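J.: Below you'll find the structure I mean.
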Amino acid sequence: MNEFLTTLIIVGIMLLYAVPGFILVKAKAIKPDSISAFSKVLMFVCQPALTLYSFNKADFTKELGINLLIFFAVITAAQLLFIGFFCLIFRKKFNDIRYRIASVATTLSNCSFLGVPLLEAIFPDSPNVAAYSMMYFLSMNLLGWTLVSAIITRDRKYINVKTFFINPAFISILVSLPFFLTGFKISEINGKFLGQLEMMITILGKMTAPLCMLIMGMRLATIEFKNLFTNPLQYISVAVNQIIFPLCVLGILMLLRVDTELMWCMYIMCACPVASIIQNYAEMLGEGQQTAANTVLLGTITSIATLPLLALLI
């Protein structure tokens, strides 16, 4: 029950972060055309800082290193399986951007922006949970910059080695890994500048959740509410993403008999609402922005019920 209440409170607070963004757009203090600029700040500044922050918290051990590799392999395979399955189901309707968005929205989860603060609240004594979340985020973003972008645009140019390796997610992981593997901590070095640098990274990293929700609030102010709640396809995407996918992943992990902490971390991150980066990709790629925003918003709103209920299984 403690996990239920913790999750309910965290999700409720996340939703409150969206209110200022909604008000600012409705008051015309921010123009809808500017929303994509906020998305770029989130993707290119705050998220890399969150990666550095997460790995700086964890202490590397051989056992943790093996578990991180297992985590990465399992979640990547699960995402590919679900995306491939729904692409196969919707293949005859792929001329419609709504079905292309739905294919990826059934799987990608808000594992980082919402997942990190949620995991830290549920498992306050485990510094490793943030590192697990980064493995999930790395997997999701490597797919996002390549396969997901190719699905949204129907352009295979995104599936190439350059795009796979040169993106904010991979580069931030690459920068973080040497410090993580060697056990180097910025806080262990005396010096006012380095102390301020660590504080800057922490603040920017923790800005991801509020900024993510602010962007959602801004986008919510630009749509008609009837479009948010009357599209059956969006409900299918949300139901699969936030109920069926996490339960299937939990079943796989139980069969594999993996580490308990790894299992529950992956399960909670899979149960997080539809990933806001789907909206960010749609904004940057210039296709399906409205559908992506509606699906993400519906997923985030309904997660106040689905996420706490699924957390009862912990």
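FYI, it's all coordinate maths here, none of it is from the lab. Keep in mind that what you see is a predicted model, and the values were worked out from it rather than measured. Counting neighbours? That spans all protein chains shown, and the Cβs are built from the backbone with ideal geometry, glycine included.
J.: Please work out, to two decimal places, the log10 of the ratio I(q)/I(0) at q = 0.07, 0.10, 0.11, 0.14 Å⁻¹ from a Debye calculation in which every Cα of the chain carries one identical scatterer.
T.: Log-scaled intensity ratios, in q order: -0.25, -0.52, -0.64, -1.07.
J.: Compute the Kirkwood hydrodynamic radius of region 158-314, taking the inverse of the mean of 1/r over all pairs of distinct Cα atoms, and give it in Å to one decimal.
T.: For region 158-314, the Kirkwood estimate is 18.5 Å.
J.: Would you kindly calculate the translational diffusion coefficient of region 238-314, applying Stokes-Einstein with the Kirkwood radius from alpha carbon pairs, for 25 °C and a viscosity of 0.890 mPa s, and quote it in µm² s⁻¹ without decimals?
T.: Value of D from the Cα-based Kirkwood radius: 185 µm²/s.
J.: For region 1-121, what mean projected area does the convex hull of the alpha carbons give, in nm²?
T.: On the way: hull surface 43.7 nm².
Projected over every direction and averaged, the Cα hull of region 1-121 covers 10.9 nm².
J.: Considering only the other residues whose Cβ falls under 15 Å of the Cβ of residue 234, what net charge follows from Lys and Arg at +1 and Asp and Glu at -1?
T.: Combined, the nearby Lys, Arg, Asp and Glu give +3.
J.: If you don't mind, there's one more thing I want to ask. Based only on other Cβ atoms within 10 Å, what is the fewest-to-most ordering of 31, 62? Numbers along the way, then the final one.
T.: Details: 31 12, 62 7.
Listed from fewest to most nearby Cβ atoms, that is 62, 31.
J.: Right, here's the next one. Testing the spin-label approximation: label points 7 Å from Cα along Cα→Cβ at residue 159 and residue 312. State their distance in nm.
T.: 4.1 nm
J.: Let me ask you something else. Mind sorting 126, 39, 54 by how few other Cβ atoms lie within 10 Å of their own Cβ, fewest first?
T.: 126, 39, 54
J.: For region 220-231, just list the computed ³J(HN,Hα) in residue order, Karplus coefficients 6.51, -1.76 and 1.60, θ = phi - 60°, integers in Hz, with x standing in for Gly and Pro.
T.: Per-residue couplings from phi come out as 4, 6, 9, 10, 8, 4, 5, 6, 6, 10, 10, 9 Hz.
J.: Under 11 Å from the Cβ of residue 283, count the other residues' Cβ atoms, weight Lys and Arg +1, Asp and Glu -1, and hand me the total. The partial results should precede the final answer.
T.: Details: positive: 40, 219; negative: 33, 287.
Computed value for this residue: 0.
J.: Next question. Can you list the HN-Hα couplings for region 303-312, worked out from phi with the Karplus curve (6.51, -1.76, 1.60; θ = phi - 60°), rounded to whole Hz and with x for Gly and Pro?
T.: 5, 5, 9, 5, 5, x, 5, 5, 5, 5
J.: Quickly rank 247-258, 209-220 as a protection proxy: mean count of other C-beta atoms within 10 Å, highest first.
T.: Highest-to-lowest ranking by the protection proxy: 209-220, 247-258.
J.: Tell me which aspartates and glutamates have Cα within less than 18 Å of residue 62's Cα, excluding those fewer than 8 residues away on the same chain?
T.: Candidates past the 8-residue exclusion: 259, 261.
J.: Rounded to the nearest 500, what is the 222 nm mean residue ellipticity of the chain from helices alone, with -39500 (n - 2.57) per DSSP H run of 4+ residues and division by all residues?
T.: Details: 18 runs with 227 residues, N = 314.
The per-residue figure over the chain is -22500 deg cm²/dmol.
J.: Now, a different point. Give the lysines reachable from residue 26 as a straight Cα distance under 27 Å; neighbours fewer than 8 places away on the same chain don't count.
T.: Answer for residue 26, where 27 Å is the Cα cut-off: 40, 206, 226, listed by chain and number.
J.: Another question about this same structure. Return the long-range amide H neighbours of residue 109 (sequence gap of 5 or more, or a different chain), with a cut-off of under 5 Å between placed amide H atoms.
T.: Correct list: 275.
J.: For region 133-142, in order, what is each residue's ³J(HN,Hα) by Karplus, 6.51 cos²θ - 1.76 cosθ + 1.60 with θ = phi - 60°, in whole Hz (x at glycine and Pro)?
T.: Karplus-based 3J(HN,Hα) across region 133-142 equals 4, 6, 5, 5, 5, 4, 4, 5, 6, 5 Hz.
J.: According to a simple spin-label model (label point 7 Å from Cα along Cα-to-Cβ), what is the distance in nm between residue 196 and residue 243?
T.: Each label point lies 7 Å from its Cα, and together they span 5.2 nm.
J.: Any aspartates and glutamates with Cα under 18 Å of the residue 185 Cα? List them, leaving off those in the same chain fewer than 8 positions away.
T.: The reachable aspartates and glutamates, counting only those whose Cα sits under 18 Å from residue 185, are 59, 198.
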